[in-house]
Amino acid sequence: MVNARAGLALIVAYTLWRRKTMSNSLIINIRQQLHWYQRFFSDSSTALMWGMWLYLWRPLVVITGAHAFSKQPFLVHFVTKISPMTMGYIIVSVMCGALALLLWTLLPARRITPSPQKDLADYAAHFQLPEQEITAGRAANICTVHHDAYGRVIGIQPQQA
């Protein structure tokens, strides 16, 4: 009786912890708000889709003969007669692949760093225009931007609508 209560307490604690940690997740999970028949339809359609996906792989399995191990035992003997040197190469390549994946997890992920916000003085310095001209161009509904032969902005002329 005590073990059942302790087990129940652990389940409740885990459920509360899970709700607390998953509340700010980006994944939308409203499964508990669905009716039973909607959940049944969702589960059934998911199982059907997985079954179809596995069925699509069936020709590849038949072509490669992977199903033949259970029907023809001589293939099992053929696979077990791999030379020790080849088996060593297989083991080393698997271990190197596992090590490479473990090292991959240690690489720092690239973080997106937001660029600093530019203010009016930065734009004025970049385009070599007075701040009043940029402010007037921003405030106008229609404005003409003048360029030189190289495509640089040399002036902004706001138009009155």
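We did not get these values from a lab; they are worked out from the coordinates using the rules stated. Fair warning: this is a prediction, and the values are worked out from it, not measured in the lab. Because the Cβ atoms are built from the backbone with ideal geometry, glycine has one as well, and the counts that use them run over all protein chains shown.
If we sort 101-114, 41-54 on the protection proxy, mean other Cβ atoms within 10 Å, highest first, what's the order?
The densest-packed peptide leads the list: 41-54, 101-114.
Under a point spin-label approximation (7 Å from Cα along Cα-to-Cβ), what is the residue 52-residue 100 distance to one decimal in nm?
3.5 nm
When the distances between all Cα atoms of segment 120-159 are binned every 10 Å from zero, what whole-number percent does each bin get?
Spelled out per bin, shortest first, that is 33, 56, 12.
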